[in-house]
1. In region 7-28, how many residues are over 18 Å from Q117 (Cβ atoms) and not hydroxyl-bearing (S, T, Y)?
2. Could we say that A72 is surrounded by 18 or more Cβ atoms within 10 Å (Cβ to Cβ) and either among the small types (G, A, S) or over 15 Å from the mean Cα position of the chain (by Cα) (or both) here?
3. Checking the conditions here, which among G29, G44 is at positive phi and not hydroxyl-bearing (S, T, Y)?
4. What residue, of A92, A15, A72, A88, is in contact with an Asp or Glu (Cβ under 7 Å, 6 or more places away or on another chain) and touching a residue at least 12 places away in the same chain (Cβ under 8 Å)?
5. Report, by residue number, each residue of region 89-126 that is small (G, A, S), surrounded by fewer than 19 Cβ atoms within 10 Å (Cβ to Cβ) and modelled with pLDDT of 95 or more.
6. Name every residue in region 1-13 that is over 17 Å from V56 (Cα atoms) and in contact with a helix residue (DSSP H, G or I) (Cβ under 9 Å, 6 or more places away or on another chain), in order of residue number.
7. Quick check on region 5-26: of everything there that is among the polar types (S, T, N, Q) and assigned to a helix (DSSP H, G or I), which residue is nearest to V82 (Cα to Cα)?
8. Filter region 33-63 down to the residues that are loosely packed, with under 14 Cβ neighbours inside 10 Å and under 30 Å from E106 (Cβ atoms), then identify the one that is nearest to the chain's Cα centre (by Cα).
Amino acid sequence: MSTYVKETTKTRNEAIQAIEASLQEAKFGVLWNFDLSAKLEEKGVQPPAPYTVLEVCKPSIAANVLNENLLAGAFLPCKIVVFEEDEAVKIAMPLPTKLMEGFGDERILTTAKEVEQQLITCINQAAE
């Protein structure tokens, strides 16, 4: 599977606050909190569900990835989404290892594994 998904009993807003706090504790910055469902509604499109996209970054890690391969920047920053589906709130992300494995660079993949584990920990903490 190329994504990590964790269900929570929290409301979407509570989950967003919890993931932001967990990320901050792990020294990740939230660069953008984008309410995609609100933007779709603003444009006259009915979203399928309430949906928020968070773009997150740890600058030192991002710089290391870019130093290895500038094309890898196309996959930065990392994204975490919070959405409602089947009457449940879910927190999910694409797996950094899956995004970066196509570069065939062991150093980038090692970094992706580290980031992936840190973000999974943040998501699990936020979902509790």
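1. 11
2. Here the answer is yes, as A72 does meet what is asked.
3. Details: G29 fails: at positive phi.
Unique residue meeting the criteria: G44.
4. A88
5. Result: A92, single match.
6. Once the filter is applied, which keeps residues that are over 17 Å from V56 (Cα atoms) and in contact with a helix residue (DSSP H, G or I) (Cβ under 9 Å, 6 or more places away or on another chain), region 1-13 yields M1, S2, K6, E7, T8, T9, K10.
7. Narrowing region 5-26 to residues among the polar types (S, T, N, Q): 8-9, 11, 13, 17, 22, 24.
Okay, now just the ones that are also assigned to a helix (DSSP H, G or I), so 13, 17, 22, 24.
Numbers: N13: 9, Q17: 10, S22: 14, Q24: 17 Å.
The residue in question is N13.
8. Restricting to residues being loosely packed, with under 14 Cβ neighbours inside 10 Å and under 30 Å from E106 (Cβ atoms), the top hit is P59.
The values are calculated or read from the model by the stated rules, or taken from the named source; none is laboratory data. The structure presented is a predicted model; accordingly, all values stated were derived computationally and were not measured. Glycine also receives a Cβ, built like all others from the backbone with ideal geometry; neighbour counts cover every protein chain displayed.
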